[in-house]
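The structure appears below as structure tokens.
The values are calculated or read from the model by the stated rules, or taken from the named source; none is laboratory data. Only a predicted model underlies this, so the values are computations on that prediction, with no experimental measurement involved. Cβ placement follows ideal geometry from the backbone for every residue including glycine, while neighbour counts extend to all protein chains displayed. When the accessible area is computed, the model is the full protein with side chains, heavy atoms only, and any ligands, DNA or RNA have been set aside. Shrake-Rupley method; radii C 1.70, N 1.55, O 1.52, S 1.80 Å.
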Amino acid sequence: MRKLVLFLHASLDGFVEGPNGEMDIGWVSYDADLANHAKEILSTADTVIWGRGTYQMMHGYWPSVLSNPSASQHERNHAEWIEKTAKIVFSTTLENVEWNNSRLVKEDVKEEINNLKQQPGEDMVILGSPRFAHHLMQLDLIDEYMNFLLCKGRNHETEKRYTCNKRWFSERCTR
């Protein structure tokens, strides 16, 4: 059976965005170690799960990377991976999704995720999508959590600001 893995940059006390609410990863202490760790996690997945906001942000950036001459090799590699990967977007407000290999799901989240878990294939990974991930946690659908300590950010529930001088770490938690 396929697993649903949450891969979310977050601090131990719940920060999931940059200090000004930015959804990019510029607020993450992204280095070669984290890049290698992310590559390892993504190598076990053939499906990405997103909520509306993260899908729109990713769709606004990644499709153009392969034709961007200033893109790094790391960005090109990720763009190639994400272009061929199945992308399932959960939203009650979007009318359609236009990215290659994308599918929109508008209702029955629990049933859809459970059906996906039964299908053949590799793991499914939730990349970002903190609000949608929180909903999936409430439904007890996430099988594995990847946690990271970041340098600064904003808690999505309390709006409290957070700063530290620590590097990231990862802890794999399975149920």
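Details
- Qualifying residue in the stretch 92-106 (condition: in contact (Cβ under 8 Å) with a residue 60 or more places away in the chain, over 20 Å from Phe7 (Cβ atoms) and not charged (D, E, K, R)): no
- Residue in the stretch 23-34 that is at pLDDT 95 or above and crowded, with 17+ Cβ neighbours inside 10 Å present: no
- Exactly one residue among Thr47, Thr93 is under 26 Å from Asp143 (Cα atoms) and of a type in the set (Ser, Thr, Tyr), and that residue is Thr47.
- When the test is whether a residue is of a type in the set (Gly, Ala, Ser), modelled with pLDDT under 95 and within 14 Å of Ile126 (Cβ to Cβ), Gly53 passes it.
- Residue that is nearest to Ile82 (Cα to Cα) [pool: residues in the stretch 96-113 that are surrounded by 12 or more Cβ atoms within 10 Å (Cβ to Cβ) and among the charged types (D, E, K, R)]: Arg103
- Filter result for Gln56 (under 13 Å from the mean Cα position of the chain (by Cα) and open to solvent by 70 Å² or more (accessible area, probe 1.4 Å)): yes
- Considering the conditions (1) closer than 23 Å to Met146 by Cα; (2) assigned to a strand (DSSP E or B); (3) not aliphatic (A, V, I, L, M), Arg103 is excluded by exactly one of them, (1).
- Residue within the stretch 66-74 that is touching a residue at least 24 places away in the same chain (Cβ under 8 Å), surrounded by 12 or more Cβ atoms within 10 Å (Cβ to Cβ) and within 21 Å of Lys39 (Cβ to Cβ) present: yes
- Applying the set (1) surrounded by 15 or more Cβ atoms within 10 Å (Cβ to Cβ); (2) modelled with pLDDT of 80 or more to Val16 leaves exactly one unmet item: (2).
- For Gly128: the one exception among (1) at pLDDT 95 or above; (2) more than 14 Å from Thr47 (Cβ to Cβ); (3) crowded, with 16+ Cβ neighbours inside 10 Å: (1)
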